[in-house]
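**Student:** Here's a structure for you.
The values are calculated or read from the model by the stated rules, or taken from the named source; none is laboratory data. Bear in mind the structure is a predicted one, so any value in this text is a computation, not a measurement. Glycine also receives a Cβ, built like all others from the backbone with ideal geometry; neighbour counts cover every protein chain displayed.
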Amino acid sequence: MKIIFAGSSEFGIPTLKKLKEKHQLLLIISQPDRPAGRKQKVKPCPIARFAREQGWELYQPENINTPESVEKISELHPELLVTASYSEIIKKELRQIPSFGAINLHPSLLPKYRGPTPIQTALLKGEHKTGTTIFRLTSRLDAGPILAQRELVIQQEDNFGSLQEKLANISAELLIEILPAIKDKSLVERPQDENLASYTHKFTKKDLWINWDNKVKNILNQIRAFAPIPGARTSIRNTYLKILQAEIYSSLDNDKPGTISGFIKNNGILVNCQDGQILITKVQAEGKKVMSAWAFQLGARLSAGESFVPFNQIFMENSFREEL
């Protein structure tokens, strides 16, 4: 099948590989290179970087729906447009160019968790399962008819990075499985149940900061949802710290939330939360490499009884930084 692919994040890379291997990939569309990071260096998004590394034809329009973009795509006579985390609305004129239309790969079991952050939201909510949905693009966000779905059990050790990788792989596999049925028009589409629809949102820097007054399970889910990037955050001794890995140590009530209750040798730092303790095992201090929490506390010479900066104090003092 002659296919055009549009995407931006790592989520689309397995699909891109499969399409190149098994079908005729006419064009890869991705976002333009943009400034990123603390130094605001211009960088390509993951899909653009991968396409360049492979030497594949890449198109990076500022707006995919301009007459110039529509003309370029029309001239290729595609049979199908496949999108995955492309981050731009595909308008009707463009959707109608491919003979078999336009479809999207979305990492949730739609209609649950429509929108930009379904993987992080599933982890934040403590979900035990998620999945991927392939659906036909329409004018409404993530609301088109469902072509196929596949469930995935969320493991306790999963974080955003591992779960995104798993969902990316099963999405690619599912797409390759259903393409023949799309081509011979034997695939039965089903509408989404709007009564079951829920939505996700983009996160702000404030969403990343840990409030130690929360329940231990919620804090653990926050750490999982933002690991390995951008990282759940806290502060101690004027040092900004990303918490990248942790586990529940105790479900019993303890002392003041945010205080260090002790250390587990060669393992990590015990911190009190609202209803128990969490064991921090992997961190990244500002400007430093990722390291074990045990190594960090040895270098910082932390002591039991010290406290991480309270959530409210961070924002009252406006002391948080845009980047860590």
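**Student:** Pick out the one residue from PRO61, PRO46, PRO14, PRO107 that is farther than 22 Å from LEU167 by Cβ and either touching a Cys at 6+ places or on another chain (Cβ under 7 Å) or not small (Gly, Ala, Ser) (or both).
**Tutor:** Matching residue, one of PRO61, PRO46, PRO14, PRO107: PRO61.
**Student:** Anything in region 26-51 that is over 23 Å from ILE90 (Cβ atoms) and either modelled with pLDDT of 95 or more or among the basic types (Lys, Arg) (or both)? List them, or say none. First the steps, then the outcome.
**Tutor:** Filtering region 26-51 for residues over 23 Å from ILE90 (Cβ atoms) gives 35-43.
Selection gives ARG38, LYS39, LYS41, LYS43.
**Student:** Show the residue pairs meeting these rules: Cβ distance below 8 Å; 6+ apart or different chains; first residue within region 236-261 and modelled with pLDDT of 95 or more; second residue charged (D, E, K, R) and in a strand (DSSP E or B).
**Tutor:** Close Cβ pairs (under 8 Å, with a partner that is charged (D, E, K, R) and in a strand (DSSP E or B)) amount to LEU241/ARG233; LYS242/ARG233; ILE243/ARG233; ILE243/LYS282; LEU244/LYS282; GLN245/LYS282; ALA246/LYS282.
**Student:** Checking the structure you have, find out if any residue of region 119-128 is over 15 Å from GLY12 (Cβ atoms), of a type in the set (Val, Ile, Thr) and surrounded by fewer than 16 Cβ atoms within 10 Å (Cβ to Cβ).
**Tutor:** Checked against the condition, which is being over 15 Å from GLY12 (Cβ atoms), of a type in the set (Val, Ile, Thr) and surrounded by fewer than 16 Cβ atoms within 10 Å (Cβ to Cβ), region 119-128 yields no hits at all.
**Student:** Please go through region 250-289 and pick out each residue that is within 19 Å of TRP209 (Cβ to Cβ) and either over 32 Å from the mean Cα position of the chain (by Cα) or not in a loop (DSSP other than H, G, I, E, B) (or both).
**Tutor:** LYS256, THR259, ILE260, ILE269, VAL271, ASN272, ILE278, ILE280, LYS282, VAL283, GLN284, ALA285
**Student:** Another one. Kindly indicate which of ILE146, ILE119 is farther than 30 Å from ILE219 by Cβ and assigned by TED's automatic domain parsing to the domain that holds ALA6.
**Tutor:** Values: ILE119 fails: farther than 30 Å from ILE219 by Cβ.
Among ILE146, ILE119, only ILE146 is farther than 30 Å from ILE219 by Cβ and assigned by TED's automatic domain parsing to the domain that holds ALA6.
**Student:** Further question on the same structure: Just to be sure before I move on: is LEU16 in a strand (DSSP E or B), surrounded by 15 or more Cβ atoms within 10 Å (Cβ to Cβ) and at pLDDT 95 or above in the structure I sent?
**Tutor:** No: the conditions fail for LEU16.
**Student:** Can I ask one more? Among the residues that make up region 108-115, is at least one of them out of contact with any helix residue (DSSP H, G or I) (no Cβ under 6 Å at 6 or more places or on another chain), closer than 13 Å to ILE29 by Cβ and surrounded by fewer than 21 Cβ atoms within 10 Å (Cβ to Cβ)?
**Tutor:** no
**Student:** Still on this structure, I have one more. Going by what's in this entry, would GLY161 be described as free of Cβ contacts under 8 Å to residues at least 40 places away in the same chain, outside any loop (DSSP other than H, G, I, E, B) and under 19 Å from the mean Cα position of the chain (by Cα)?
**Tutor:** No, not satisfied.
**Student:** I've got another one for you. Starting from residues that are assigned to a strand (DSSP E or B) and within 23 Å of the chain's Cα centre (by Cα), keep the ones in region 24-57 and report whichever is farthest from LYS2 (Cα to Cα).
**Tutor:** Only one residue tops the list, namely LYS41.
**Student:** A follow-up question, please. What's the total number of residues in region 65-95 that are assigned to a loop (DSSP other than H, G, I, E, B) and within 23 Å of the chain's Cα centre (by Cα)?
**Tutor:** Selection size over region 65-95: 6.
**Student:** Run down THR138, THR133 and say which single residue is closer than 21 Å to GLU194 by Cβ and part of a strand (DSSP E or B).
**Tutor:** Of THR138, THR133, the one residue that is closer than 21 Å to GLU194 by Cβ and part of a strand (DSSP E or B) is THR133.
**Student:** Also, I was wondering about something else. Looking at region 26-70 only, could you name the residues that are in contact with a helix residue (DSSP H, G or I) (Cβ under 7 Å, 6 or more places away or on another chain), among the aliphatic types (A, V, I, L, M) and surrounded by fewer than 20 Cβ atoms within 10 Å (Cβ to Cβ)?
**Tutor:** Selection gives LEU58, VAL70.
**Student:** Within the bounds of region 69-78, is there any residue that is over 20 Å from GLY161 (Cα atoms), in contact (Cβ under 8 Å) with a residue 24 or more places away in the chain and among the acidic types (Asp, Glu)?
**Tutor:** no
**Student:** Residue by residue through region 164-181, note down the ones that are charged (D, E, K, R) and surrounded by fewer than 17 Cβ atoms within 10 Å (Cβ to Cβ).
**Tutor:** Going through region 164-181, the residues charged (D, E, K, R) turn out to be 165-166, 173, 177.
Answer for region 164-181, where residues must be charged (D, E, K, R) and surrounded by fewer than 17 Cβ atoms within 10 Å (Cβ to Cβ): GLU165, GLU173, GLU177.
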